[in-house]
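Derivation of every value follows stated rules applied to the coordinates shown; laboratory data play no part. These numbers were taken from a predicted model, which means no experiment stands behind them. Backbone-built Cβ (ideal geometry, glycine too); neighbour counts: all protein chains shown.
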Amino acid sequence: MPRPRILVIKLGALGDFLMALGPMQAIRRHHPDAELVLLTRPAYRALGVATGLFQEIWLDPAPRWNPVAWLRWRARLRAGGFARVYDLQTSDRTAGYFRLFRSGRAPEWSGKVAGGSHRHVYPADHRMHSIDRQRAQLAVAGIPDVPLPDLSFLDGDVVGFGLPERFALLIPGSSPERPGKRWPARCYGELAAHLAARGVTPVVAGGTAEAVEARAIAAVEPSTVDLTGRTDLGQLAALARRADVAIGNDTGPTHLAALAGCPTVALFSAASDPAKTAPRGSDVRDLHAASLADLPVAQVVAALTGII
């Protein structure tokens, strides 16, 4: 008898993808004998493979308004033979994918779209955290137990970085399109000086785009270690497990640090809503200011009480 095929849709971004790993892992436990297929963006293909949850990874073709592309995508979806779809993206795009099945043999559908067999109706207050929302969604689909994501599959060699026993991760980046989500580099520099005075080495993590911030932080506190552009997600998780604390903006690596078990202080401006997107973990503290330029360094230092 052929194994049932299940499609899981999660397109991104990184922080959202990481928080959806708990639901993905719960789906795998609920369907132990199924073939799971992940539909995602190219940027998250490797992460999807690393989870070990999926037999196939499909990349979202983003057909946009090209009718021929939509027809080709419809044909592929229908040929997938899916018994059920878990739409963890719940966007207008994925609602459109649901409609591509309508005139064919439609699979069961878990998501918010009207007409789905296991529809999750959002509460009137849409300020529901994405983890809580996905837990409620999966409960409707018969999956009541959805713990926080287990990131034990993410690991990497960090010995070569030569870091001291005590260090703190500073995560000054965010999406380039959302500059309002960034605490100023000069503030991170002052924080780095405070950490160094407490015997905790500041370590800047992020992509190559954060190299400018790393240099600005090091100009204030020369003991700062710059790892921007030098770590993959596995190494970042390994660093988070060793770090005393992580302090970062509302961005994917901050979510990763919290989920890996690192005490985390997350900084939020009016550009994002912590009620919906705050990191989750064993010890997470979030600070808010309408503009992060107005968030005092002293307030961030005070949030470290009991951690360092």
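If you go through the stretch 170-190 one residue at a time, do you hit one that is over 19 Å from Ala293 (Cβ atoms) and out of contact with any Leu (no Cβ under 9 Å at 6 or more places or on another chain)?
No, because not a single residue in the stretch 170-190 is over 19 Å from Ala293 (Cβ atoms) and out of contact with any Leu (no Cβ under 9 Å at 6 or more places or on another chain).
Residues that are aliphatic (A, V, I, L, M), surrounded by fewer than 19 Cβ atoms within 10 Å (Cβ to Cβ) and closer than 18 Å to Leu138 by Cα: does the stretch 69-87 have at least one?
Yes, the stretch 69-87 has at least one match.
Between Phe98, Phe153, which is among the aromatic types (Phe, Trp, Tyr) and not in a helix (DSSP H, G or I)?
Phe153
Kindly establish whether Glu190 is free of Cβ contacts under 8 Å to residues at least 60 places away in the same chain and of a type outside the set (Lys, Arg).
Working: free of Cβ contacts under 8 Å to residues at least 60 places away in the same chain: no; of a type outside the set (Lys, Arg): yes.
Against the criterion (free of Cβ contacts under 8 Å to residues at least 60 places away in the same chain and of a type outside the set (Lys, Arg)), Glu190 does not qualify.
Arg198: farther than 28 Å from Ala46 by Cα, touching a Lys or Arg at 6+ places or on another chain (Cβ under 9 Å) and touching a residue at least 12 places away in the same chain (Cβ under 8 Å), yes or no?
Working: farther than 28 Å from Ala46 by Cα: yes; touching a Lys or Arg at 6+ places or on another chain (Cβ under 9 Å): yes; touching a residue at least 12 places away in the same chain (Cβ under 8 Å): yes.
The answer is yes for Arg198.
In the stretch 206-225, what residues are outside any helix (DSSP H, G or I) and either surrounded by 20 or more Cβ atoms within 10 Å (Cβ to Cβ) or in contact (Cβ under 8 Å) with a residue 24 or more places away in the chain (or both)? Quick ask: steps written out before the conclusion?
Of all residues in the stretch 206-225, those outside any helix (DSSP H, G or I) come to 206-207, 221-225.
Within the stretch 206-225, Gly206, Gly207, Glu221, Ser223, Thr224, Val225 qualify.
Which of (1) over 23 Å from Pro144 (Cα atoms); (2) loosely packed, with under 13 Cβ neighbours inside 10 Å; (3) touching a residue at least 12 places away in the same chain (Cβ under 8 Å) is the odd one out, the single condition Gly52 does not satisfy?
Among (1) over 23 Å from Pro144 (Cα atoms); (2) loosely packed, with under 13 Cβ neighbours inside 10 Å; (3) touching a residue at least 12 places away in the same chain (Cβ under 8 Å), Gly52 violates only (1).
Exactly one of these conditions fails for Gly229: (1) at positive phi; (2) within 15 Å of the chain's Cα centre (by Cα). Give me its number.
Result: Gly229 passes all but (2).
Considering only residues of the stretch 250-308 that are assigned to a helix (DSSP H, G or I) and among the hydroxyl-bearing types (Ser, Thr, Tyr), which is surrounded by the most Cβ atoms within 10 Å (Cβ to Cβ)?
For the stretch 250-308, the residue satisfying everything is Thr254.
Count, please, the residues in the stretch 149-179 that happen to be surrounded by fewer than 16 Cβ atoms within 10 Å (Cβ to Cβ) and closer than 30 Å to Trp109 by Cα.
3
Of the residues Ala243, Ala193, which single one is of a type outside the set (Asp, Glu), surrounded by fewer than 19 Cβ atoms within 10 Å (Cβ to Cβ) and over 18 Å from the mean Cα position of the chain (by Cα)?
Ala193
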